[in-house]
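Down below is the structure, laid out as structure tokens.
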Amino acid sequence: MQTNQQTRYTNEQIPIYKNDILQLFQNKIFENIGKRRIDDYSSLRNEVMSEIGIYNYIDPDLAFLNSWYCTHIEQHFLYKFIDDDSVREIIVHAPDFVQLETYTDQRTDIIHVDSNFYQMSLDVFAIKNQVEWNYSTPFASFYTKIKETSFRATLIHFSTSPTSMSKLFLRRISDTPFLLSSFGDATLEPFLNDIVESKQNIIIAGQTGSGKSSLLTSLLGNVSHEHVVVMEDTHEISSNSKNHTSMLAKNIEGKSLVDYCSYSLRMRPDRIVLGEMRGKETVPFILSMNNGHKGLMSTIHANSAVDTISRLALLFSLYSQNTNISFDLITKLICSNIDYVIFMKHRKIIEIIKILGSENETPFIEQIYSLS
């Protein structure tokens, strides 16, 4: 390998040292990953070319280097899917295979990532987003932007898989609320606006990807005059209102959703919104309804509108520190404080029920809407 400074650029030099240049460039990337930092392309290129001993190069002859960097470090292999507005979810299963979900169907496609650097590319993605992701922390879910498009990203580490293959999930997040009419029956819009305006306590239920967070964001779209406190563990609920206070939970003491439920009560909230109920945060959130706060809103995974009530009661029972409280009393507490449940499927409102009360473990409901 030639290491002395070149005083005159020749076209022959780059091809001669192409493999050395790429190898050294890749080694620099791996060194950076170990230090949890990612240098920009120009800095890395200049450093590598200086070590090789070629100084008077021109960028067109280094196209192979830039292409490798863009693919593996800037994840350009995702760009054609991100540019397609119809794609709402991207699942990268392997260095050559991606699954796509659109608003109407699912399909698969091919990507071109060097299998030797696939894991490195996902490691870089985590580092760029300042996310801890490794053997000890094999699951990471976070908000990110790619090409100015917002996504909820989820990384699953290869150490959890029998195939030793890490995976990346990207769900598109709209930066502007969808029209309420886009969630199905347009005649529901006045009713939905009314229950939000009258500060009813509302739970939006459904399976993963059913559109729960999107509907919640849209319902909050007209709430601009209130101080709304939004608590999430992954940023999905967007708002352009200056009256909204958003808190993003982290897995450290003092910054959990449970902590935020406590903090929110001291922030003079007009409305409290919890991104999703699935753990300990269920208890303080339900109790805050019982403390007289109105207009609370959240989402939950459930199989139907009625099932949402038993799901909430189960979570409350599992995570309540009061082990003597009966399931009947928990059901009564929930049915006394939640006014409406909206159930969604495939980004459409399927059912709306009004909760009237309960007897023992049986809730009394009024069906407001059902998509037949």
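The values are calculated or read from the model by the stated rules, or taken from the named source; none is laboratory data. On a predicted model such as this, the values are computed, not experimentally measured, just so you know. With ideal geometry, Cβ positions are generated from the backbone for all residues, glycine too; neighbour counts draw on all protein chains shown.
For the reader, a short list of remarks on this structure follows.
- Residue, farthest from the chain's Cα centre (by Cα), within segment 30-58, restricted to residues that are surrounded by fewer than 19 Cβ atoms within 10 Å (Cβ to Cβ), closer than 23 Å to GLN13 by Cβ and of a type in the set (D, E, K, R): GLU51
- Check on THR102, at pLDDT below 95 and under 30 Å from SER164 (Cα atoms): yes
- Evaluation of ASP61 against the conditions (1) surrounded by 15 or more Cβ atoms within 10 Å (Cβ to Cβ); (2) under 26 Å from the mean Cα position of the chain (by Cα); (3) of a type outside the set (A, V, I, L, M, F, W, C) shows that the sole unmet condition is (2).
- Selection status of GLU236, buried (at least 21 other Cβ atoms within 10 Å of the Cβ) and among the acidic types (Asp, Glu): yes
- Answer residue from segment 80-104, given it is surrounded by 14 or more Cβ atoms within 10 Å (Cβ to Cβ) and part of a helix (DSSP H, G or I) and is nearest to the chain's Cα centre (by Cα) among those: ILE82
- For segment 237-339, the strands (runs of 3 or more DSSP E) that sit wholly inside it and include 1 or more residues that are of a type outside the set (A, V, I, L, M, F, W, C), modelled with pLDDT of 90 or more and under 21 Å from GLY206 (Cβ atoms) are 297-301.
- Test: residue in segment 334-343 that is touching an Asp or Glu at 6+ places or on another chain (Cβ under 7 Å) and either of a type outside the set (Asp, Glu) or assigned by TED's automatic domain parsing to the domain that holds GLU276 (or both): yes
- Pairs where the first residue, in segment 166-186, is in contact (Cβ under 8 Å) with a residue 40 or more places away in the chain and among the aliphatic types (A, V, I, L, M) and the second is part of a loop (DSSP other than H, G, I, E, B) and surrounded by 15 or more Cβ atoms within 10 Å (Cβ to Cβ), C-beta under 6 Å, 6+ apart: ILE173/GLU236
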